[in-house]
Amino acid sequence: MCRTGQQSDPHDAGGEKTSDAAFAALLEDSTEELYECAPCGYLSTLMDGTIAKINKTLLDWLGLEREAVVGRMRFTDLLTMGGKLYHETHFAPLLRMQGELGGVALEIRKADGVRMPVLVSSVVKHGATGEPLLIRTTFFDARDRRAYEEELLRARKAAEEAHRQAEADRARLQDALAVLQSSLLPDILPRIPGMETAAHYRTASPDRLGGDFYDVFPIDATRFAFFLGDVCGKGPQAAAVTSLTRYTLRAAALHDPDPVSALSTLNRAVHERYSGGDPRYCTAIFGTLEPDPGTGQVTVRLASGGHPPALVLRADGTADFLPTPGGLLIGILPNAPFAPATTTLGPGDTLLLYTDGLTEARTGEGRSALYGDEALRAFATDHAGRPPSAVMEALTGLLDGFGDGLDDDTALLALGVPAARPTTGTPT
Amino acid sequence: MCPGVPEWWVEPERLLGMEIERRNNVTVTGNPHGRTVVLAHGFGCDQNMWRLTVPALVEDYRVVLFDYVGSGRSDLSAFSEARYASLSGYAQDVVDVCEALDLRGAVFVGHSVSSMIGVLAAGMAPERIGALVMVAPSPRYIDDEGYRGGFTAEDIDELLDSLESNYLGWSAAMAPVIMGNAERPELGEELTNSFCATDPAMARVFARTTFLSDSREELKAVSVPTLVLDCTQDAIAPREVGAFVHQSIPGSTLLTLDATGHCPHMSAPEATNDAITGFLAGLR
Amino acid sequence: MSPLNLAVRDAPTGPVVEVKGELDYDTSADLRDLLAALPLKPGQRLVLDLARMEFCDSSGISTLIVARNHAQSAGADVALAAVPASTLRVLRVVGLDQIFPLHPDAESATGT
């Protein structure tokens, strides 16, 4: 029933008085009653912790008589040993510094030895001149809450542990992948007398296992072999084919370095291994380099199995594809045709091999157009006559420029004859 | 500025010092011409606990304050469980700070476990520390045969539980959930106290290192002037312990402050400050 | 990106699979699944009508080879109809133009 500002009926006025009294009686609360029987513990202590006043609720929780507590015990006497340490090292300094402190989880020790979790808040009462007079403290029963918190804490620890484990697993997997990845590519290219080499590799796959590959290695005292290719597909399955391809080509080249012969051996190995329900193929260019120390020229013999044609950048500033038409994708047929080609590199000439990650990079508005062979040839023309390292640097910049348009692995290998021949044969 | 030297130029050695100053949140204040007094906080808090001590020193002394790595506003990323699993790891922090500021013969004032850390640091770098003030020290908290530290191993486990329950990092993250007030995060934030807040995992390491330590032997090696301050009523370092420290350090002075609790510099600042300044005045 | 859309119809020579949209790493499995379930009789011709194929990457090319293997194991034949210019270029690079009979459109591939 609410009082309004309006003049009310005398009958009603009497009734109102009666219900007010009933309401007050219902409340029954004196301040003293409220203090003693509040649903929380109250404690007032001197600044040294001596208990000056304590309410009945807290006494009941503790199982102690008032006479045994007031003037005889200190706040810390109510706490467990761990609580005492926490009080001295955290609670008391904080209270001194802040003048108040809330929601600290402590445990009180009851007379029967049982511990009871409580949440404690304290505030320092100051005198008129600002000097601290006493500390008022409330205790809330935190038994249920503590159980709940422990549950949360357990869950959090379990989650943290699972996260740690997942991180460790991920790191281990990453290490294993790095080792596998490094087995698919040469760490460094061998030094070839009278030639310069440069390579670049980047993978679009997040596990860093790519399907592109390349290698350069000696086959005898004077000749070197090289290859570069692309396994159809991505990820670990592609990497397995890459591994088979790399080591088969290396072994085949030592047995018979003729390019068509090496690719035929590889073709048989891949076809035999992957002719089942999950066929796998690759494209590759394999070739040999035969430097002629007398002329400084290098004879290149190569063959392609379904791979985009190599580019030859000439010292005179031109660049052209070295056609290898008719070479079939490796691994499709038990006996596949491969297309051989030959060229000679003179001083300032560079042979460039690449995978279709480069020519099929998506460019332009909406990433709808492909970079394309002609654009690559034009780009190569611009850099013809420059040493392999410079050509590679330019191509790396080109790849960077594609940004997210580069959605496939890309491998690049440049093999060139320096424009200015060293005056001595000593490698520097 | 010097011609040819850019304004931001810092000597490499100085850079290393600055790195330590940042790592340990070093504060230098007071009289630059006075003797240097290093104030080192104990377990559970940070340099803020000296705020009632600093005013008594600044006129005559150069005052250096810092936080141990893992406490206060130190660089928590510099924490290593292995290093701080022993008090000598903390003592290395003291030596690092002394070297960064190139202190010589400084007076080291340590509270509680820091007193013992100071003893170790003085042993590690004798030229850096010229005198010790040990406020409520204890070389061993757990009772031993013929020695009363005041605690059992179970008590220490209880403290670790208390730390866990007041996992401040935890409450910062969980309080809004518990209070159901995620849309009013400031309500939850009040649960995390601004001072003495520290990473719970690091506090746990500090607690273990502190309360499981035993530095009684090291006390005998102290050779610098030493003042031992204990309190009439200290739940952590009872008077027997203060007496033990005093008896173990040759030539030390023991002064019992009429104070309750483990932090006399906060609960009885005047008496504590008088004791410290009196001791400092008596040093050559 | 246009998704891959596949439709099968029967011609007198055998099934004609119409490939519409992009045949790439993400979609080529659909075509593989369809081919695996496609009944082929000895002597029939499997025609892949690529007139409306918008894109074909190396996974797509692989799937064309899967189609060829599937036809061969059934004693059937395979042919590609209306290969888009860009794909034809790729087929030439990888030498597959020698392997697949190529027809300008589905009608000529099915002899209708």
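Throughout, read-outs are computed from the coordinates displayed, never taken from laboratory work. None of the values given here were measured: they were computed from a predicted structure. In this analysis, Cβ positions are derived from the backbone assuming ideal geometry, glycine residues included, and neighbour counts consider all displayed protein chains.
Observations on the model:
- A:LYS125/B:LEU283 FRET efficiency (R0 35 Å; Cβ-Cβ; nearest 0.05): 0.30
- Taking the fewest neighbouring Cβ atoms within 10 Å as the starting point, the ordered list for B:TRP50, A:TRP61 is A:TRP61, B:TRP50.
- For the protein assembly as shown, DSSP calls about 70 percent of its internal beta bridges antiparallel.
- DSSP beta bridges in the range C:5-109 [antiparallel fraction, %, rounded to 5]: 35 percent
- Per-peptide packing, taken as the mean over residues of other Cβ atoms within 10 Å, places A:367-377, A:345-355 in the sequence A:345-355, A:367-377 from highest down.
- For chain A, built as a Gaussian network whose Cα springs stay under 10 Å, the top-fluctuating residue of A:HIS271, A:HIS90, A:HIS307: A:HIS90
- Summary of packing: across the peptides C:20-26, A:111-117, the per-residue average of other C-beta atoms within 10 Å ranks them, highest first, as C:20-26, A:111-117.
- Degrees, to the nearest 10: A:388-402 long Cα axis against longest axis of chain A: 50 degrees
- Other protein chain Cβ atoms within 10 Å, averaged over every residue that makes up C:87-94: 5
- Distant-in-sequence amide contacts of B:VAL228, defined by a placed amide H-H separation under 5 Å and a gap of 5 or more residues or a different chain, comprise B:MET134, B:THR253, B:LEU254, B:LEU255.
- Residue with peak Gaussian network fluctuation, chain A [Cα springs, cutoff 10 Å], from A:PHE140, A:PHE226, A:PHE402: A:PHE140
- Here the contact order of the range A:10-141, divided by its residue count and restricted to Cα pairs under 8 Å and six or more residues apart, works out to 22 percent.
- Charge dipole (the protein assembly as shown, unit charges on Cβ, about Cα centre) - positive-most of C:LEU80, A:PRO340, B:PRO137: A:PRO340
- To the nearest ten degrees, helix A:235-255 and the longest principal axis of the Cα atoms of chain A are 30 degrees apart.
- Axis angle, to the nearest 10 degrees, between helix C:58-73 and the longest C-alpha principal axis of chain C: 10 degrees.
- Mean ellipticity per residue at 222 nm, deg cm²/dmol - from DSSP H runs of n ≥ 4 across chain A, formula -39500 (n - 2.57): -11500 deg cm²/dmol
- Remark: mean inter-chain Cβ contacts per residue of C:52-60 equal 3, using a 10 Å Cβ-Cβ cutoff to other protein chain atoms.
- The H on the amide N of A:LEU133, modeled in the peptide plane, is under 5 Å from the matching H of A:LYS125, A:HIS126, A:GLY127, each at least 5 residues off or on a different chain.
- For the segment B:151-159, counting C-beta atoms of other chains within 10 Å of every residue's C-beta and taking the mean gives 4.
- Label-point separation in nm, A:ASP320 to A:ARG136, each point 7 Å along Cα→Cβ: 10.0 nm
- Computed E for A:GLU100/A:GLU167 - FRET, C-beta separation, R0 45 angstrom, nearest 0.05: 0.65
- Highest average packing first - A:245-252, C:7-14, Cβ atoms within 10 Å: A:245-252, C:7-14
- The order of C:ARG32, B:ARG23, C:ARG68, going from fewest to most other C-beta atoms within 10 Å of their C-beta, is C:ARG32, B:ARG23, C:ARG68.
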